[in-house]
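The values are calculated or read from the model by the stated rules, or taken from the named source; none is laboratory data. Everything numeric here is computed off the predicted structure, so don't read it as measured data. With ideal geometry, Cβ positions are generated from the backbone for all residues, glycine too; neighbour counts draw on all protein chains shown. Areas reflect the complete protein model, heavy atoms only, side chains present, ligands, DNA and RNA absent. Shrake-Rupley method; radii C 1.70, N 1.55, O 1.52, S 1.80 Å.
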Amino acid sequence: MARLAGKVALVTGGASVPGLGSATAIRFAQEGATVYLTDRDLAGAQAVAAQITAAGGRATALEHDVTSEADWDRVLAAIDAAEGRLDILVNNAGIAVLGPLEDVTAADFLRQNDVNLNSVFHGSKRALVMMRRPGDGGTARGGSIINISSVAGLIGVPGCGSYAASKGGVRLFSKVVALEGAADGVRCNSVHPGMIATNIQGVALEDNAANFDAVMALIPMVRMGEPEDIANMNLFLASDESRYITGAEFVVDGGMTA
Ligand code: NAD
């Protein structure tokens, strides 16, 4: 069954392997979507696109710094020119600046928010305009915007001050997008991963090795999740199976916040 047949998707931060963006792009393509995966690491995104294409899927890699409004305009114009539509946006690109507050500089804090939160504003605002455009029937085509937050956007986690601020912002911003887009069939939801085994966690855990055991003790399932666990949640939210779901948050964390 091709759950995303005929749909055009944009996934940001798609270069990292293992990463949530690449796993999502691969999963979407398996279900019939035409996928645009973007990243500031173009070579990495191209490698993932090549893997999708080799498996019979449709994927295009584009260079994209999600903090740049000019890049957002260029990427969406390219998709519009090629496809004439955008059905799914996954705002996935993100960074994690971790550490106790006294060690976090103002520059770190601003950068964290620029990459994790401002980017979601830039992308959602533009996607809303594209998704509101009339389709064949003359009414708004609609679409699904999926914003990747974190458990740190739901509960306080020591050492995550700037990260939590950005991810908490993503959660609440998503609800506003949902409310403003609802009447035109544009849905927006946030996804809150716990500890998922990707490059971002590799770095975070390397930098915070002392915290590793303590963090594991907080996960009732006592293991990290796999990128595919998030990709499958994203697939559900991207598909019409979730057509009555908007403004909601979806926690995928092995019970961490239960
Ligand atoms: P990752 O580091 O493996 O991948 C992140 C990708 O984003 C990389 O390819 C990187 O190049 C890209 N990126 C970073 N800054 C960018 C920018 N300015 N413009 C464009 N691309 C940029 O991380 P991941 O684990 O795959 O995380 C994906 C998302 O999930 C992030 O938003 C992260 O905060 C969130 N998240 C991850 C976890 C986890 O445990 N892995 C948990 C909660 C939330």
Worksheet, complete the sentence: For VAL97, other-chain or 5+-apart residues with amide H closer than 5 Å (H placed, Pro excluded) are TYR163
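Share of the chain's accessible area from carbon and sulfur, percent, 1.4 Å?
Working: 6440 of 11390 Å².
Of the solvent-accessible surface of the chain, carbon and sulfur hold 57 percent.
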Worksheet entry | Given the chain, longest segment not containing exposed loop trypsin sites (Lys or Arg not before Pro) (DSSP; at most 12 other Cβ within 10 Å) | 1-222
Item to complete: Go through ALA2, GLY255, GLY194 and say which Cα lies farthest out towards the positive end of the charge dipole of the chain; charges sit on Cβ, +1 for Lys and Arg, -1 for Asp and Glu.
Response: ALA2
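What percent do you get for the relative contact order of region 1-90 when only Cα pairs under 8 Å and 6+ apart count?
Working: 178 pairs, mean separation 27.7, N = 90.
In percent, rounded to a whole number, it is 31.
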Worksheet, complete the sentence: So the angle from the long Cα axis of helix 69-83 to the longest Cα principal axis of the chain, reported in degrees to the nearest 10, equals 40
Worksheet item: Over region 101-250, what is the mean sequence separation of C-alpha contacts under 8 Å (at least six apart), divided by residue count, expressed as relative contact order in percent?
Response: 25
Discussion item. Please check: in the Gaussian network model of the chain (C-alpha springs, under 10 Å), which one of LEU218, LEU128, LEU98 has the largest mean-square fluctuation.
Written reply: LEU218
Discussion item. As a test question: what accessible area, to the nearest 10 Å², does GLU180 have when a 1.4 Å probe is rolled over all protein chains in place?
Written reply: 110
Item to complete: Quickly work out the GLU102-to-ASP213 label distance, labels modelled 7 Å from Cα along the C-beta direction, and quote it in nm with one decimal.
Response: 2.5
Discussion item. Tell me the angle of helix 20-30 to the major Cα principal axis of the chain, expressed in degrees between 0 and 90 and rounded to the nearest ten.
Written reply: 30
Practice prompt. Using a 1.4 angstrom probe, figure out how much accessible area the chain has per residue, in square angstrom, rounded to the nearest whole.
Written response: 44
Fill in: Angle between the chain longest axis and helix 161-181 axis [Cα atoms, degrees, rounded to 10]
30
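So for the chain, averaging the separation of alpha carbon pairs under 8 Å that are six or more residues apart and normalising by length, what relative contact order in percent results? Display every interim value, and only then the final one.
Details: 542 pairs, mean separation 50.0, N = 258.
It comes to 19 percent, rounded to a whole number.
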Response to the item:
Diffing region 234-245: the Karplus 3J(HN,Hα) column from phi (6.51, -1.76, 1.60, θ = phi - 60°), in whole Hz with x for Gly and Pro, holds 4, 4, 4, 6, 7, 8, 6, 4, 9, 4, 9, 10
